[in-house]
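Throughout, read-outs are computed from the coordinates displayed, never taken from laboratory work. Since we're looking at a predicted model, the values are computed, not measured. No Cβ is skipped: glycine too gets one built from the backbone with ideal geometry, and neighbour counts run over all protein chains shown.
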């Protein structure tokens, strides 16, 4: 599995620490920026790069992690891309539910409200939780895909 990770200046420090955590856990990590702390950068730029990479993977082997101060901004941007199911997660149990029921493929974190240890526990829960494959959950994902498709046509 490959993880694309990105942040803005408010999430930069947490991103840098989580890259090491993921690599130490045996995952391939692609840093989609920023490469240096820039107090004037904007989150849409980096969220777009991560979402583009995850959206392009038709096999589901690419996942994303996005970080900004509140987590909301990067989540909004990511969900504009086809096939993206990004979720703003604040506790490990929420990560479990979001992966099991909704099969989120981009994890969004709020750097100003999530300490490093909690972020690691959230990521571990998200990675280790399989999608349920229950008919009700598959039906809901199909419904989401239909809504997404209808918006492209309209």
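Tabulated results
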{"item": "Whole-number percent relative contact order across the chain, with pairs defined as alpha carbons under 8 Å at least 6 apart", "result": "23"}
{"item": "Between 0 and 90°, nearest 10: helix 12-24 axis offset from the chain longest Cα axis", "result": "70"}
{"item": "Principal-axis tilt of helix 116-128 within the chain, Cα atoms, nearest 10 degrees", "result": "30"}
{"item": "Computed [θ] at 222 nm, deg cm²/dmol, the chain (DSSP H ≥ 4; -39,500 (n - 2.57); rounded to nearest 500)", "result": "-16000 deg cm²/dmol"}
{"item": "Whole-number D in µm²/s for the stretch 2-153 (Stokes-Einstein; Kirkwood sum over Cα pairs; 4 °C, 1.567 mPa s)", "result": "85"}
{"item": "Mean Cβ neighbour count within 10 Å, used as a protection proxy, ranking 58-69, 113-124 highest first", "result": "58-69, 113-124"}
{"item": "Degrees, to the nearest 10: 135-153 long Cα axis against longest axis of the chain", "result": "80"}
